[in-house]
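Participant: Below is one structure. I have some questions about it.
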Amino acid sequence: ISAYKSYTMTTVSPTQFTYRSFNNLSLVLGHPTYQTVKNFQDINDLFIVPSGNIKTFQYSKDGGYLSLASPECVKIIDAETAEPRSEIEKKNIVEIGFSPKGTYISTWERPVKLSDNLVHKNLIVWETATAQMLIQFTQKSQANWNVQWTEDESFFSRMVTGEVHFYDSKRIDKGIHTKLRLENIVDFSLSPGKNPFIAVFVPEKNSAPASVRIYSITNFNSPLAQKTFFKADKVRMHWNDLGTNLLVLTQTEVDKTNKSYYGEKDGPIHDVAWSPNSKEFIVVYGYMPAKATLFDHRANPIHEFGVNPPGFGNLAGTIDIWDRENLKKISTIEAPNSSECFWSPDGRYIMTATLSPRLRVDNGYKIWHYTGVLVRDESIQELLQIQWRPASVEQYPMRTLSPPPKASEDSVAFAAKPSPAKKVGAYRPPHARGTATPEMFKREDESSKRLHTQDHGNKSMIVGASEVTTKAAVKNKKKREAAKKKKEEANLVSETSNVASSLPQSPTLIQQGGSLLSETDKKIRNLTKKLRQIAELKERQQKGDKLELTQTSKIVTLDEYSEFCERNAFLCGPA
């Protein structure tokens, strides 16, 4: 899900994006030209190695810089003119990250074991303009590898075991400025905005609940706010752009309630996103097809967008675009197999892309106008990375809706003959396909049974993890069914040999499925069924089929059945 206001360009530069493929790197202007940025015609002028060896690229948050990492070094260029600005002579960099204003840049390389018991300092903070090294750390995990900055770049922070360390950017050489100590802390997030806060997450331990606590970075004595909850192994924290509100999306690795294959009845939270105005957010939740609801910043529902199967991958990749002012749908886009989806910084276009290695065929990108018109469709073999150049929304004043632009020539054929969308329903595990949906798995609005509704306004949004059916579970189920069948067949012999003596002296009426059957009638029905089964087994034996011991023993008792029927013809009926 994504939210954006409608803007138009005045005297600012057109939009721009960069993409990296297996054998190419391009810096391209947006609609309507899609021309390569001047001074960026030949990337080999910037790198000694071929462009295909570039490992990653990254824009600064304000869009001023573009950094490019090769196996030999990191080049930092002016994103507007593509002119070189500085060079970090450090090999094998695989991750790059800028500070909010682009003053500093962080790099990460894979940790290696050094000789003489030395510790590899693989996370380094540099000054962008001069490529001067400022401080270095050991960071083993690539996940959450980077330091976190305050919006004004006065402090940055990183987490170690049980602590979050803060550094003063003007006195980095002095070391740690202050610490937040909290036992069992596993994650944290600094807020944007003028008055920064830190949110920390502590998972469940023993019988104690998980918690998220918010502190001012100037006072760690007591939290400004906190929330405790169960069923949370990890979280994703989403601050609004002003840094005044925090959404916490909690997740569990295992459905400890064991309620269903899919998790708990209320269903999962698929995605959340803040509006750029920081006053409202959207949540997509529930079993497929899922619901989407717009909330204000106090978690009061504003609008329901209906039920749809959102997402890409195995889903159809349908994108609905709405006008926020009147909450009416403007257009619908079909972008199957997409792995990325971004708004352009001017809020007029949406880029969808299919990247490798997630999908190694049909790689490329498409650019759509918000009215649903496809304006660009380019196939790129082994497309690995693509990103719009960031820009402040202040560069694009508000405007009213406008007619769609003319589609590019190479996109007209595609737009005229769109691929038919495959109808996609709710996902079902393999063993449940082709059968009716049990009531307990149905949504509240499609089930005859009333399910418990989750209150998204006042409660934490919990994602119930799926309990995956394994091959071993299927195999064990088959074994149980076979054993049950064998037991039933063994019981058949003992039951039928005693059926004459077990008949009731006088019929007793019982109610079954809306009809009245006496005990005698039930015995007759069961006996007829068993005789038929034995006759089928004898026919198989005569054809030469190999029977199990229990099946052979049933045939031996056939004479007993025959004698019984001769004595009780009124029960067995005609032979």
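The values are calculated or read from the model by the stated rules, or taken from the named source; none is laboratory data. Every value quoted in this text rests on a predicted model; they were computed, and no experiment measured them. Positions of Cβ are backbone-derived with ideal geometry, glycine not excepted, and every protein chain shown enters the neighbour counts. Accessible surface areas use protein heavy atoms only, side chains included; no ligands, DNA or RNA. Shrake-Rupley method; radii C 1.70, N 1.55, O 1.52, S 1.80 Å.
Participant: Between K194 and K329, how many nm apart are label points set 7 Å from Cα along the C-beta direction?
Facilitator: 4.2
Participant: Taking only protein heavy atoms and a 1.4 Å probe, what accessible area per residue, in Å², does the stretch 166-254 have with all protein chains in place?
Facilitator: For the stretch 166-254, the per-residue accessible area is 55 Å².
Participant: Distance from the Cα centre of the stretch 293-348 to that of the stretch 356-405, in angstrom?
Facilitator: What the calculation gives is 15 Å, centre to centre.
Participant: Quick one: with all protein chains in place, what share of the accessible area of the stretch 80-148 is carbon or sulfur, to the nearest percent (1.4 Å probe)?
Facilitator: The nonpolar share, carbon plus sulfur, comes to 46 percent.
Participant: Per residue, how much accessible surface does the stretch 268-346 expose to a 1.4 Å probe? Answer in Å², no decimals.
Facilitator: 45
Participant: Please work out how much length the chain gains when fully extended from T520 to A208, using 0.36 nm per residue of separation minus the C-alpha to C-alpha distance, in nm with one decimal.
Facilitator: Details: separation 312, 0.36 × 312 = 112.32 nm, distance 6.08 nm.
The span from T520 to A208 would gain 106.2 nm if fully extended.
Participant: Let me ask something else. Does the stretch 260-393 classify as rounded, prolate or oblate by the C-alpha gyration tensor (a ≥ b ≥ c root eigenvalues; a/c under 1.5 gives rounded; else a/b over b/c gives prolate, otherwise oblate)?
Facilitator: Cα axes put the stretch 260-393 in the oblate bin.
Participant: Which FRET efficiency value, to the nearest 0.05, is calculated for D241 and T81 with the Förster distance at 35 angstrom and r the Cβ-Cβ distance?
Facilitator: 0.80
Participant: Next question, about the same structure. So for the pair S553, V307, with labels modelled 7 Å out along Cα→Cβ, what separation do we get in nm?
Facilitator: Calculated label separation equals 5.2 nm.
Participant: Cβ neighbours within 10 Å, averaged per peptide: list 123-134, 58-69 in order, most packed at the top.
Facilitator: Result, highest mean Cβ count within 10 Å first: 58-69, 123-134.
Participant: Assuming 0.36 nm per residue, please report the length gained on full extension of the stretch L114 to E382 beyond their Cα-Cα distance.
Facilitator: Here the answer is 93.0 nm.
Participant: If I take R0 = 60 Å and measure r between the Cβ atoms of T130 and D545 in this structure, what FRET efficiency does the formula 1/(1 + (r/R0)^6) give, to the nearest 0.05?
Facilitator: Values: r = 87 Å, r/R0 = 1.44.
After rounding to 0.05, the efficiency reads 0.10.
Participant: Okay, next question. Please work out the FRET efficiency for the pair N92 and T371, using the Cβ-Cβ distance as r and a Förster radius of 56 Å; give the result to the nearest 0.05.
Facilitator: 0.80
Participant: Would you mind getting the accessible area per residue of the stretch 84-158, heavy atoms of the protein chains only, 1.4 Å probe, in Å²?
Facilitator: Per-residue value: 52 Å².
Participant: Given 0.36 nm per residue, what is the gain on full extension from T161 to R399 after removing their alpha carbon distance, in nm?
Facilitator: Length difference between fully extended and current span is 80.7 nm.
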